[in-house]
Amino acid sequence: MNALNALRSVVRGRIWLPGDSEFDACRRPWNLAVEQPVAAVVEAADADDVAALVHYARSAGLGVTTQPNGHGATGGTEGTILLRTRRLDTLEIDPVARRARVGAGVPSRHLQAAAVPYGLTGLPGSSPIVSVTGVALGGGLSWFGRAHGWVADNVTAFDIVDAAGHQRHVTADTDPDLFWALRGAGGDFAIVTALELTLHPAPTLYGGRTLWAAEHAPEVMEAYRQITATAPDELTVWLDLLHFPGSDPMVAVDATYLGEASEARDLLSPLERLPKPIFDGRGVMPVSELGSITAEPTDPGAGSSRGELLTELDDAAVKTLLADPIAPLMGVQIRHLAGAFTRASDSPHGPLTEPYALYLFGVPTDPATAQAIAARQRALAEALPTSGRKPFTFLNPGETAAHAFTPAVLARLRDIKRHHDPHNVFRSNFPIPA
């Protein structure tokens, strides 16, 4: 029995090795444009299984890369065992304490659905299928972040397996350095098997998407700037320039408001003075249906993205964004930040002082298209007023943790990595540089 075959006697979950019929399918990340070489794939049955795997990997001189589905994968996985955490699906709601305990494999939509009966919400992002833990480990930009800050700011405890294979409960009191690092610097320090986070009241939610033909983009952009200039923290508004294959270019405004519909309509009144939209899906909605607003794909596919933070959305930036069609990009999204994002944050990224985030997305159907997408993304990013840093969850292949964190923060993270994982057992998508 070779070293990898010995895995079958170590863990109780499912295992796929090179040569197994399903190995190639199981090792693929969510983004099919990323090639992900791994030594083996393990789907852990529970936290005990994770601990056994870590013991084994360390003794075998292998690393462990953790992914529920593989959102954010970069392909830097050579010499690692890919750990799938989908079966770590604990989900407990304490409505009195307004707290949830969430397993590492739980997607956002499941937490939202469980919170609905109590008039509560987590801090979901745009995709309902990304894991709560994955978002929190990257800091997390939520629909409700303007009201409640980074997703990571709302995490109160982590259940982990450390590099020695020990299961531990980590809080700001038990291990402040590790707790701080896990709140936004990725999975390079431990394997999180579950976390606890604060839930927030959401008795009423208004939201949805409104679409116009692209010819109205200048007027929509001006209304967007007017709305975001005075938006209360409970209101989040994103603008999207869209060009889907086989359809005409469009412009969309996506909005959520933690409050009554009448208040939301008043705050969004500049949209009512625009030309008649192609589609208007706004209305009162449960927090479990937030994923329907942007309707992001729920099946794996190829994609190429780039994220930036904008220091302003002035006339010059608007002119740059609207000067030419976005093709070969499929989407150019502007997210309004500010609000609670600007407040003090005990996390590696710290407060977000930039008022807007920019997200550029295209589908690389062939090498020529991939090059054209990258060139368009680069040209836009270089022409716009970006800050030069970006949220950890916006990093993409070819970028590093240094694009997200200051030198001082990187130095602290490096010390924490050396202390907690001196043998580099854990390999995150964007590892902390040695």
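The values are calculated or read from the model by the stated rules, or taken from the named source; none is laboratory data. What you are looking at is a predicted structure, and each value in this text was computed from that prediction instead of being measured. Reconstructed Cβ throughout: ideal geometry from the backbone, glycine too, with neighbour counts over all protein chains shown.
Quick notes
- Just one residue in the set L329, L358 is outside any strand (DSSP E or B), of a type outside the set (D, E, K, R), at pLDDT 95 or above and buried (at least 19 other Cβ atoms within 10 Å of the Cβ); that residue is L329.
- Checking A25, A33, A44 one by one, the residue that is within 30 Å of F394 (Cβ to Cβ), small (G, A, S) and surrounded by 21 or more Cβ atoms within 10 Å (Cβ to Cβ) is A44 and no other.
- Within the option set S304, S345, S269, being surrounded by 19 or more Cβ atoms within 10 Å (Cβ to Cβ) and out of contact with any strand residue (DSSP E or B) (no Cβ under 9 Å at 6 or more places or on another chain) holds for one residue only, S345.
- Pairs, first free of Cβ contacts under 8 Å to residues at least 24 places away in the same chain in the range 21-42, second surrounded by 13 or more Cβ atoms within 10 Å (Cβ to Cβ) and not in a strand (DSSP E or B), C-beta under 8 Å, six or more apart: F23/L17
- Subset tally (residues that are among the hydrophobic types (A, V, I, L, M, F, W, C) and assigned to a helix (DSSP H, G or I)) for the range 167-178: 1
- Comparison of A164, A114, A194, A181 shows that the only residue that is part of a helix (DSSP H, G or I) and over 16 Å from S347 (Cα atoms) is A114.
- Restricting attention to the range 117-156, the residues that are of a type in the set (V, I, T) and either assigned by TED's automatic domain parsing to the domain that holds T66 or in a strand (DSSP E or B) (or both) total 3.
- Residue check for Y224: aromatic (F, W, Y) and out of contact with any helix residue (DSSP H, G or I) (no Cβ under 6 Å at 6 or more places or on another chain): yes
- Positions within the range 361-409 being among the β-branched types (V, I, T), outside any strand (DSSP E or B), within 29 Å of T228 (Cβ to Cβ) and modelled with pLDDT of 95 or more, in sequence order: V363, I373, T406, V409
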